[in-house]
Amino acid sequence: MGDFRRSVVYQIYVRSFFDTDGDGVGDLRGVTAKLDYLHELGVDYLWLTPFFRSPQRDGGYDVADYRAIDPLYGSMDDFDELVAEAGRRGIGIMLDMVFNHTSTDHEWFRRALAGEEKYRDYYFFREGKPDGGAPTNWQSKFGGSAWEYVPQLGMYYLHLFDRTQADLNWENPEVRRELCDVVRFWMGRGVKGFRFDVVNLISKGAFEDDPDPDGDGRMFYTDGPRVHEFLRELNRESFGRDPEIVTVGEMSSTSMENCFLYAGEDSGELSMVFSFHHLKVDFVGNEKWVIVPTDFARLKSLLFGWQKGMAEHGAWNAVFWCNHDQPRVVSRFGDEGEYWRESAKMLAAVIHGLRGTPYIYQGEEIGMTNAGFTRLDQYRDVESLNHFKILRDRGLNEESVYNILKVHSRDNGRTPVQWDGGKNGGFTAGEPWIEVNPNSRIINAKTQLRDSGSVFSFYRELVRLRKRYDVFAYGDFEPLTPEHPHVIAYRRCWNGETLYCINNFFRAETVWRCPEGERLDGCRVLLSNYPSVQPACEWTLRPYESAILLKC
Ligand code: GLC
């Protein structure tokens, strides 16, 4: 813990992490049970996805009570024990605050429906258009209209996500005060950080139709008119009172200019941001339900552009490939076959060498792969299930829809952590809520812990290097050979240390020539994914070869 620039965060999707009571769902005690493992990996913070009371329509991102723990995940005692045990190992707990919306089961929403004026103003209830249709043409991010009609009130309410996730009205100072109280409540229980879910959507602008026929309304509420003011207030009134608290905002379709403020050193908003542009390089625009090859040139220019831009403005990135909404990176940009190990390590090196705080998503450190589901009844995610229907209605045949889900479904990242090669990958003694990947016999934490060449050992080394060499945390960022069609290479400098991170992103060998003025001789290999590495100014990189070099 301490300086977040020197820290590494590990994300836990509690539901799929480790189940201690045999009900097939991961729980808080499961996190406590695995703290030694996490300590061994060396991470500083654990970001836990929401475990608050919830009907679980969207994996807990539909919160019914921000201060209560869903019995599915345990009790407040379990939580307090986790905070204490983690603290003993120097690990801080970060909570996931879903403040853009609540579940329609939340007491506020129920009272709104029951006709209490005060609570109606906690949400966006609006009359329909003169013809009775929805107030605007905005689309929910999970498919369908973003407005749901409530017959007993004769009005619609806004939901940018599922219809059971009603958007909160941040224009109302009472709402903002309530949410500050929630943050303070958890600070009082020893929490060391917060992740704020889709927090750049909290300030809605005008409720007008999106003029773009392909638009979904996002132009009216993304990085909305009062978002910076709201964040500064939240900071001032809650977490900003403790300088040790680390915060990260999830920014949906944001712009870099806004992130200079969200995560600027002196802007009084958040410590850092997640942006997602580099993870849309296998989409068509914002449409993810398609299969197209990865645009490597774009991936690289986005990564490099954000690195340079954020550094120039003194703003801080969270750097990552994976989370509970993304497919597994080794399946997505690496190789599930012959070069599984090399590619998983290369992808890790690319991220951990960047300027920013690296996030490791559970199972990434052992190279877990996509789910490989082939039937609809294997899927659980509301977004995937909705889109199955939407894509079928658009006329796609079943096979094509299955192929798309297989690549893009959020369930790819949600199958249980593979702890050992036994039944259910050692995740549960019961029936898992979602199927365990059968490759747990081969890919699992137990075998990797005792193998110094494993993906796990590589991640552990990356975390150690960050603690050991300040250049990882504080170095500047300079892209090298930005036009190279296969290689991601960059240089970082700080206080007499120079670090090079050089990666062949592909399966084929490739020649990389180091740019004029750079000298790799005299560099020490800090880490690589092949046993013997020969840095050279004209370097033939093997499949997915990766090396981190240091010159002091
Ligand atoms: C964020 C979460 C995602 C959730 C959505 C709505 O994107 O990461 O899992 O579905 O917000 O809360």
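Please list, in chain and number order, the residues 5+ apart from Asp96 or on another chain whose amide H is under 5 Å from its amide H, with Hs placed from the backbone.
For Asp96, whose amide H was placed from the backbone, the distant partners under 5 Å are Leu48, Arg195.
In segment 111-141, which GluC sites (Glu not before Pro) are in a loop and have at most 13 other Cβ atoms within 10 Å, using DSSP for the loop call? Don't skip to the answer; put the middle values down first.
Values: sites: Glu116, Glu117, Glu127; in loops: Glu116, Glu127.
Hits after loop and neighbour filter: Glu116, Glu127.
State, as an integer percentage, the relative contact order of the chain based on alpha-carbon contacts under 8 Å between residues 6 or more apart.
The normalised contact order for the chain reaches 13 percent.
Can you list the trypsin sites (Lys or Arg not before Pro) in segment 354-394 that are in a DSSP coil and have 15 or fewer other beta carbons within 10 angstrom?
Arg375, Arg394
For the residue pair Arg236 and Glu287, what label-to-label distance in nm results when each label sits 7 Å from Cα along the Cα-to-beta-carbon direction?
Placing both labels 7 Å along Cα→Cβ, they lie 4.5 nm apart.
Evaluate E = 1/(1 + (r/R0)^6) for Arg519 and Glu483, where r is the Cβ-Cβ distance and R0 equals 22 Å; express this FRET efficiency to the nearest 0.05.
Result of the calculation: an efficiency of 0.60.
Where does the Debye-calculated log10 I(q)/I(0) of segment 473-551 sit at q = 0.13, 0.20 Å⁻¹, using only Cα point scatterers of equal weight, no solvent?
At q = 0.13, 0.20 Å⁻¹ the computed log10 ratios are -0.35, -0.85.
Quick check: residue separation of Lys389 and Arg177 times 0.36 nm, minus the Cα distance between them. What number comes out in nm?
Values: separation 212, 0.36 × 212 = 76.32 nm, distance 3.95 nm.
This chain segment gains 72.4 nm when fully extended.
Accessible surface of Asp62 in the full protein assembly, 1.4 angstrom probe, to the nearest 10 Å²?
Around 0 Å² of this residue is reachable by solvent.
Let me check something: with ligands and nucleic acids excluded, how do Ser532, Ser253, Ser343 order by accessible area (1.4 Å probe), largest to smallest? Walk me through the intermediate numbers first.
On the way: Ser532 70, Ser253 35, Ser343 0 Å².
So the residues, ranked largest to smallest area, are Ser532, Ser253, Ser343.
Return the FRET efficiency for the residue pair Arg542, Cys493: r is the Cβ-Cβ distance, R0 is 30 Å, and the value is rounded to the nearest 0.05.
Calculated transfer efficiency: 0.65.
Any idea how far apart Asp3 and Ala508 come out in nm if each label point goes 7 Å out from Cα toward Cβ?
Those two pseudo-labels are separated by 4.3 nm.
Just how large is the dipole of the chain about the Cα centre, in debye to the nearest 20, putting +1 at every Lys and Arg Cβ and -1 at every Asp and Glu Cβ?
The dipole magnitude comes to about 1280 debye.
For the chain, treating each Cα as an identical point scatterer without solvent, what Debye log10 I(q)/I(0) comes out at q = 0.11 1/Å?
Log-scaled intensity ratios, in q order: -1.02.
Could you work out how much longer the chain between Arg111 and Arg375 gets when fully extended? Use 0.36 nm per residue separation minus the Cα distance between them, nm to one decimal.
Taking Arg111 through Arg375 to full extension adds about 91.1 nm, to one decimal.
Evaluate the distance, in nm, between pseudo-label points positioned 7 Å from the Cα of Ala84 and of Glu398 along their respective Cα→Cβ axes.
The two pseudo-label positions are separated by 5.4 nm.
The values are calculated or read from the model by the stated rules, or taken from the named source; none is laboratory data. Computed from a predicted model, the values in this text were never measured in an experiment. For neighbour counting, all protein chains shown are included, and Cβ atoms are generated from backbone atoms with ideal geometry for every residue, glycine included. Protein only, heavy atoms only, side chains kept; ligands, DNA and RNA dropped before computing areas. Shrake-Rupley method; radii C 1.70, N 1.55, O 1.52, S 1.80 Å.
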